[in-house]
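Some notes on the structure that comes next.
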Amino acid sequence: MTDQIDSKAAREKAKQIAEQRRAERRLRKRKCVLCGVEESDKAPLGPHPDGLGPSCRDEQGCNSRRAAPR
């Protein structure tokens with residue numbers, strides 16, 4: 001009987017951890033793979049043409065940020 005209770009508690013704990021990780025992933029800001037700027041309403045990210053990940057839609061602005069010293 002206690003084995004069933006322990007396993008049920010472990011499953012519930014695992015569900016809570018998984019839901020917390022999903023919520024954190026949804027709230028995390030995406031960054032451009034080329035220049036590193038974070039996504040915002042003013043700077044939405046789109047797919048990179050080569051499939052590298054999210055990148056700026058404004059190619060000229062992205063290139064200027066990459067060329068600027070950090």
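Annotations for the structure displayed:
- Where a residue in the range 24-47 is of a type in the set (D, E) and its partner, wherever it lies, is part of a loop (DSSP other than H, G, I, E, B), with Cβ under 7 Å and at least six apart: E38/K29; E39/K29; E39/R30
Per-residue answers, yes or no, for (1) under 21 Å from the mean Cα position of the chain (by Cα); (2) loosely packed, with under 10 Cβ neighbours inside 10 Å; (3) not β-branched (V, I, T):
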residue	(1), (2), (3)
K13	no, no, yes
R25	yes, yes, yes
C32	yes, no, yes
P49	yes, yes, yes
L52	yes, no, yes
S55	yes, no, yes
C62	yes, no, yes
A67	no, yes, yes
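None of the figures in this text is laboratory data; all of them are computed from the coordinates on show. Treat the numbers as computed from the prediction; the structure is a model and nothing was measured. Glycine gets a Cβ as well: all are built from the backbone with ideal geometry, and neighbour counts include every protein chain shown.
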